[in-house]
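One structure below.
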Amino acid sequence: MRTRLKLIPLYLLAATAQIAQADDIKWNGYLNVVGGFLRYDPVSDLTLPEKKQHPDYSTYEKNFTFDPESSGALQAVKKFDSKASVTAQVYASGANDYQAQLKWLYLTYKPTSHSTFRIGKIGAPVYYFSDFYNVGYAYNWVTPPIEVYTFDTAISGIDYIYRDYVGDLDWSAEVFSGGYTQRLPAINANVTTRNTVAAIFTASEGGWLNLRAMIYQSTGTFEADALADTGVIVDSALAAAEEQQGYPSGTLSFLHDGIKSQVDVATDLNEFKIRYAEAAARVEHERWFAMTEWVTIRTDNYLYGNLDAFYLTGGYRIGKALPHITFTRLDSDMHDDAVADAAYAANTANALVDPTKYFAAAIDSGIAQSFGKTQNSITLGLRYETSASTAVKFELTGFEEKATYPGETAGIGKNLLFRTAVNAIF
Amino acid sequence: MRKLALYCAMAIGFNLHATAAHAGEMAIIVNPAAGVDSLSSDDIIRIFLGKSTSFPNEMSVTPIAHKEGTAIRNQFDSAILHKSASQVKAYWAQQVFTGRGSPPDEYASDEEIKKLVASNPSMIGYIESSAVDSTVKVVLKVN
């Protein structure tokens, strides 16, 4: 059940809420008021390659806006005894039109001091900061680098962690299993996963060195509104070809069914395997920190292909200020079949040899190209502690989207993003 | 402009905690019946960061702390946990919002903490060394 709440009086929520303990219920919450603007409005125009293109970043635009990344949550933890508790978190974000929803709801059971089970709807622990991705106060950036952090969702299932230590070394081993369904409003798509199995290992030496590694496998289904009716896509491609060649409308319609059947195979996003691997290392001192995180995604899917991304970041504390710098890189590789189709479609002579195959190759590889992204960025940021519960942040991110395949022009170029944030926890 | 003004008001509108003068020698205390003669700083770090819920002798432990922003609290966070107040807050934000633990309950004075530790065998706290008496046992001293 969803309840519509407006986030406008955020400061009222923060000013009046406080940590309260009634019986065994503890209330906590967080607020992220995030605003920003781009130097250039995003331009991604396939039809006008000579037009100056600029990449996008979340849903930011040239005008200052708070909507893309502002969010807040209230969380209640009810303790039953020393071993069991239940956690519920209600979350709202500007990206989802500030609709409040029950993001997490799970039972925590600790049979021993080493073991913890969480059963229910939990945050999917994919990346280093996944568990508290939405708690802006908990890290230095306005948000973790989007090139790496492409996955923020709650997963329904079961999670088990075993923690222990040897001398100075704390370590943990975690496994989780489950699935989820999530609507992605920005691209009008639904994502469903099942049979997710993941294992995570962490090690911490004296609190100054933290290491993490994760492997993950899932079966996914991706339903994009734009791909719901491939017949419409084929009709558009044939109509464009007829106009280009000066043919009467309908001349090429006899190719429709053959092309559509091939496009349906290539754009099938039902039940495909997704595999992740992640590794991170963080060195932290009272004064400075440095960190790197790397992720790779492998699929056997024509449209998704593969992805590699990493970031390198560091910062130095000067009193209450923490200036920091971050480099990121994201590389997408098209599936080998999509690369072959793109090469086939680039040779217009093939349209006379096998027009059905030619049109299908052009449509399929064109869609696959829209799934890939190659991007670098550099971010200069400043975090300032205004109190032990609030932080103010400023960030400037210069980013460049590069061609994922030869001849790609849509959205290829540079842009600059300025963001500022107030993060609070209570 | 109004959006920006509202934003700035939020940024400065939260409570500011004054930093008090540095405290003197600090004693980590437990109940005499806890069966603990001494603890290493690593043991204390684990207990106060919620990584361990028992003493090395397997007895259950409950840490309690001074209130945020007090001199002795800042001293403990720096000298024992090797973290600033904001780093401790960020750490507990990570634990709380993943349901993996909650920070120690906070109390206002050495007397209150000493009284609680003296009457609860599972509790561990810290007070000024000068406040120590026979009702509690010192397991570590810190300057």
I need a count of the residues in segment A:266-275 that are open to solvent by less than 20 Å² (accessible area, probe 1.4 Å) and without any contact (Cβ under 8 Å) to a residue 60 or more places away in the chain.
2
Of the residues in segment B:44-65 that are more than 10 Å from chain A (Cβ to nearest Cβ) and in contact with a Pro (Cβ under 9 Å, 6 or more places away or on another chain), the one that is most open to solvent (accessible area, probe 1.4 Å) is B:59
Please verify whether segment A:106-126 includes one or more residues that are outside any strand (DSSP E or B), surrounded by 22 or more Cβ atoms within 10 Å (Cβ to Cβ), within 9 Å of chain B (Cβ to nearest Cβ) and of a type in the set (Ser, Thr, Tyr).
no
Looking for whichever is at pLDDT 90 or above, under 30 Å from residue A:319 (Cβ atoms) and either in a loop (DSSP other than H, G, I, E, B) or within 11 Å of chain A (Cβ to nearest Cβ) (or both) here; the options are B:106, B:68. Which one fits?
B:106
Going through segment A:254-311 in order, the residues found to be under 19 Å from the mean Cα position of the chain (by Cα) and of a type in the set (A, V, I, L, M) are A:269, A:274, A:277, A:279, A:280, A:295, A:297, A:303, A:307, A:309
Exception for residue A:393 within (1) among the basic types (Lys, Arg); (2) farther than 27 Å from residue A:304 by Cα; (3) more than 14 Å from chain B (Cβ to nearest Cβ) falls at (3)
Quick check on residue A:66: is it in contact with a Gly (Cβ under 6 Å, 6 or more places away or on another chain) and facing chain B (nearest Cβ under 10 Å)?
yes
If you go through segment A:385-409, how many residues are open to solvent by 20 Å² or more (accessible area, probe 1.4 Å) and at pLDDT 95 or above?
3
All conditions in (1) at pLDDT below 90; (2) surrounded by fewer than 14 Cβ atoms within 10 Å (Cβ to Cβ); (3) touching a helix residue (DSSP H, G or I) at 6+ places or on another chain (Cβ under 6 Å) are true of residue B:23 except (2)
Looking at segment A:127-144 only, could you name the residues that are assigned to a loop (DSSP other than H, G, I, E, B), of a type in the set (A, V, I, L, M) and either facing chain B (nearest Cβ under 8 Å) or open to solvent by 10 Å² or more (accessible area, probe 1.4 Å) (or both)?
A:135
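Is it the case, given these coordinates, that residue A:177 is assigned to a strand (DSSP E or B), more than 13 Å from every other protein chain (Cβ to nearest Cβ) and surrounded by fewer than 20 Cβ atoms within 10 Å (Cβ to Cβ)?
Yes.
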The lone condition residue A:339 fails out of (1) surrounded by fewer than 20 Cβ atoms within 10 Å (Cβ to Cβ); (2) farther than 30 Å from residue A:233 by Cα; (3) in contact (Cβ under 8 Å) with a residue 24 or more places away in the chain; (4) not polar (S, T, N, Q) is (2)
Apart from one, (1) part of a strand (DSSP E or B); (2) modelled with pLDDT of 90 or more all hold for residue A:103; the odd one out is (2)
Criterion: part of a helix (DSSP H, G or I) and either over 30 Å from residue A:122 (Cβ atoms) or at pLDDT 90 or above (or both) - qualifying residue of B:57, B:74
B:74
Would a scan of segment A:11-21 turn up a residue that is assigned to a strand (DSSP E or B), under 22 Å from residue A:411 (Cα atoms) and at pLDDT below 85?
no
Of the residues in segment A:237-265, those that are surrounded by 13 or more Cβ atoms within 10 Å (Cβ to Cβ), without any contact (Cβ under 8 Å) to a residue 40 or more places away in the chain and in a helix (DSSP H, G or I) come to A:239, A:242, A:253, A:256, A:260, A:261, A:264
From B:75, B:95, grab the single residue that is surrounded by 18 or more Cβ atoms within 10 Å (Cβ to Cβ) and either more than 11 Å from the chain's Cα centre (by Cα) or of a type in the set (A, V, I, L, M) (or both).
B:95
Among (1) more than 30 Å from residue A:267 (Cβ to Cβ); (2) without any contact (Cβ under 8 Å) to a residue 60 or more places away in the chain; (3) open to solvent by 30 Å² or more (accessible area, probe 1.4 Å); (4) hydroxyl-bearing (Ser, Thr, Tyr), residue A:344 falls short only on (1)
Could you please find all residues in segment A:150-172 being open to solvent by 10 Å² or more (accessible area, probe 1.4 Å), more than 10 Å from chain B (Cβ to nearest Cβ), under 27 Å from residue A:88 (Cβ atoms) and not acidic (Asp, Glu)?
A:150, A:151, A:153, A:154, A:156, A:157, A:158, A:160, A:162
Subset of segment B:60-81 [closer than 20 Å to residue A:140 by Cβ and touching a residue at least 24 places away in the same chain (Cβ under 8 Å)]:
B:81
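The values are calculated or read from the model by the stated rules, or taken from the named source; none is laboratory data. Everything numeric in this text was worked out from a predicted model, so none of it was measured. Cβ sites come from the backbone with ideal geometry, for glycine too, and all protein chains shown count toward neighbours. SASA here: full protein model, heavy atoms, side chains in, ligands and nucleic acids out. Shrake-Rupley method; radii C 1.70, N 1.55, O 1.52, S 1.80 Å.
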